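One structure is given here, and the rest of the page talks about it.
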Amino acid sequence: MHKHLNDITPSGTSYEMGMKRVLLSSNESGCSITQIAVIDLKAGEKSAMHIHPDLQDAFYILDGTLEVTINGTIHQYKKDDFLFIEQLNTYQLHAITDVSMLAMGCVIESQRTKLYPMMLEPNLHATIWGSTRLTPWKNLPQQDYIGESWEVSAVDSSPSIIANGTWAGYSLPDVIKKMPEAILGKAVAKRYDNKLPILVKFIDTSADLSVQVHPDNTMALREHNKLGKTEMWYIIDAQPDAYIYAGFKEELSKEEYTRRVKDGTIIDSLAKHSVHTGDVFYIPAGRVHAIGKGVLLAEVQQSSDITYRIYDYNRMGLDGKPRELHTELAAQAIDFKVYPEYRSNYKDSIDTANVCLDTEHFTVRVVSIKEPMHRNMIKYDSFVIHTCTKGKCKIRIRSTHDEITLQEGYSSLIPAAIADYDIIPMSNEVKVLESYIDNSAQSAFRRMISQFLHMSNI
């Protein structure tokens, strides 16, 4: 095979910048090399920050000066410099001057077809306060007393099972163990010991839940060797006059708390909030809370199943036995402070990914769209969970062209390494909760501002 460079018609690059002339492609070589090309960049051109889950890239600078940001560190390369970038490294190209370079890509065969947007099997839980809406909403056979659907779970007691693709039938924790950095993100995998740190649920109530509280990480590790439990509620639907309890409306001492639990008046001390579709409540560890009857909500929480039940109206469980209370442990966990606001205020603009909560444990956006939206989440170095609360959409991965259909009542998980995608509405309006761990450099500063503005009581 012989080609002359000037005889090759240039085409656009995969970096959304410059022009390339392909010398050799995979269909011509029959080997793991995907492409050898000469790429010409104009001064000032800059690519999007991106990542290749199954490719390794190499660049030989023929002329000019190229600046490359790799995993947040800036490097500069000039004529005759050679650069090799391994898979799963986030990088961005920036032409300081006009640049001409030889580019080569090689596929990692062991990674092919393994990373794709994952759908999860229904994971239903019957409860004494469960209702009847979840199963018909999810187009499943009717079941009574279904109070929870664990949408995305790596909790040992009830893990999610993957419903599609290469890993269909495998448990989510088992698949994560095979490729923790690619699925979770490097920063998340390191911080959480290769485990998924978020649990997402739907909750549907026909009666009030128990008054309860969750421990923080310090207490949960000491008492149970587990993570604590901070959570968030997004109200999907609420019957007229529906309500939730979150936080105290008056200061209580531990002694007063104990007395009120014993005489059944603890409810009288709690802040009661009417709820409507779209309301968001932040429930940090230590905040006493209870969901009232007639509420359908999505819950995003730390991956933990620890709950301290304080008061339960003297009800029997589904087994006919009194439900266990944890009064003493709860007293150690409770934040007794009274806060001026318990509802989290946010803008819900159309065709926008609206931040409704940003904490050290998770970030949640409400994505409301009528038109297709591009979401490049690579910079966060995190998996992304999508939970559809209204309508129907497609999610299409840009690097692999894989796509799924996500309808209301269902969730998906996009691995960190391929978290550059388009959300394409298939109904008049779509609402999707987008949950992830924000590892970007701006996250700490943004949370400080959020706290200052008292938006979420973080």
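The values are calculated or read from the model by the stated rules, or taken from the named source; none is laboratory data. Predicted, not measured: the structure shown is a model, and the values here were computed from it. Virtual Cβ from ideal backbone geometry, glycine too; neighbours counted across all protein chains shown.
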Worksheet, complete the sentence: Note on the stretch 233-270: residues farther than 30 Å from residue 389 by Cβ and not charged (D, E, K, R) are 252, 253, 257, 258, 261, 264, 265, 266, 269
Item to complete: Count, please, the residues in the stretch 295-311 that happen to be out of contact with any Leu (no Cβ under 7 Å at 6 or more places or on another chain), of a type in the set (D, E, K, R) and modelled with pLDDT under 95.
Response: 1
Practice prompt. Among the strands (runs of 3 or more DSSP E) lying completely within the stretch 24-88, list those that include at least 1 residues that are within 24 Å of residue 179 (Cβ to Cβ) and touching a Phe, Trp or Tyr at 6+ places or on another chain (Cβ under 8 Å).
Written response: 55-63, 66-70, 82-85
Worksheet entry | Condition check for residue 382: assigned to a loop (DSSP other than H, G, I, E, B) and out of contact with any strand residue (DSSP E or B) (no Cβ under 6 Å at 6 or more places or on another chain) | no
Worksheet entry | Pairs, first closer than 14 Å to residue 17 by Cα and small (Gly, Ala, Ser) in the stretch 85-114, second at pLDDT 90 or above and in a loop (DSSP other than H, G, I, E, B), C-beta under 7 Å, six or more apart | 95/42; 95/43; 95/44; 95/45; 95/64; 100/64
Worksheet item: Just a yes or no: is a residue in the stretch 31-41 in contact with a Ser or Thr (Cβ under 6 Å, 6 or more places away or on another chain), surrounded by fewer than 18 Cβ atoms within 10 Å (Cβ to Cβ) and of a type in the set (A, V, I, L, M, F, W, C)?
Response: no
Fill in: Listing of strands (runs of 3 or more DSSP E) fully contained in the stretch 240-353 that carry 2 or more residues being out of contact with any Pro (no Cβ under 8 Å at 6 or more places or on another chain) and more than 30 Å from residue 160 (Cβ to Cβ)
243-248, 270-274
